[in-house]
1. Under 13 Å Cα-Cα from Lys41, which aspartates and glutamates qualify once same-chain neighbours fewer than 8 residues away are excluded?
2. Excluding residues fewer than 8 places away in the same chain, name every one of the lysines whose C-alpha is closer than 20 Å to that of Lys154.
3. Which FRET efficiency, nearest 0.05, do Arg192 and Ile139 yield, Cβ-Cβ r, R0 45 Å?
4. For a quick check of your reading of the filter: which chymotrypsin sites (Phe, Trp or Tyr not before Pro) in region 132-218 sit in a DSSP loop and have no more than 11 other Cβ atoms within 10 Å?
5. Which whole-angstrom value gives the distance between the alpha carbon centres of region 150-198 and region 1-52?
6. When the helix-only estimate is applied to the chain (DSSP H runs of n ≥ 4, each -39,500 (n - 2.57), divided by the residue count), what is the mean residue ellipticity at 222 nm, nearest 500 deg cm²/dmol?
Amino acid sequence: MDWIDRFEGLAGLEPRVRERLVAQSQIVHLPEKTILFGPGKSPENLLLLLDGTVRVQQTTEGGREIVLYRVHAGESCVLTTACLLAYEDYAAEGIAETEVEAVAIPRRVFDDLVATSQNFRNFVFSAYSRRITDLFHVIEEIAFQKVDIRLAAKLLQLAAGKAQLKATHAQLAAELGTAREVISRQLQEFQRRGWVETARGVVTLTDREALSALAHSG
């Protein structure tokens, strides 16, 4: 089994397309904190993640960072897809949150297969549409959901079942698209209620049930 079988939607590729992808793509290994792309740069490859996580974020004119989404193993980056299709430069930044292993499909191969292979085209646009839906959910949360509800949900998500998570107030603010001061005030309130304990760069969840109840109240 080669890397193609690790991506839903690629298993049905025609043999000639499959062979070309394997022959003309490259497996790349990138260390943690590598900047994969940034504003003003044009994409040279479509990256399909085999292992690791990439964080895609945007910085506002005021310098505030907003996390748009994450790309995990078995996924591609919708922003890269959009820029490749539209021949536009990136408007956001992609950073390796962990060590990353990925398949790099060159632009010329991407362009040709989108034009000539229906199965490859379906794979590209199916992944694109799913991520666009996720982005609309992010916009909806930022615009309409209260910060305390979103923060409770984000703490539980980032902790991933553990009692502690390593995150600064600024990092949590970037996750939620708000100001660091807002997060600091909300964490102080959570601590007053006995739901969390905070230290420098660490948040301990002391009442997961209360956080979960708040997260699901919206």
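Derivation of every value follows stated rules applied to the coordinates shown; laboratory data play no part. Because the structure is a prediction, the values reported are computed rather than measured. Here the Cβ positions follow ideal geometry from the backbone for every residue, glycine too, while neighbour counts run over all protein chains shown.
1. By straight Cα distance, Lys41 reaches Glu88, Asp89, Glu93.
2. Lys146, Lys162, Lys166
3. Numbers: r = 31 Å, r/R0 = 0.68.
So, using R0 = 45 Å, E works out to roughly 0.90.
4. Working: sites: Phe136, Phe144, Phe190, Trp195; in loops: Trp195.
Listed in order of number, the matching sites amount to none.
5. If you average the Cα positions of each part, the centres end up 34 Å apart.
6. Working: 8 runs with 98 residues, N = 218.
Result for the chain: -14000 deg cm²/dmol, rounded to the nearest 500.
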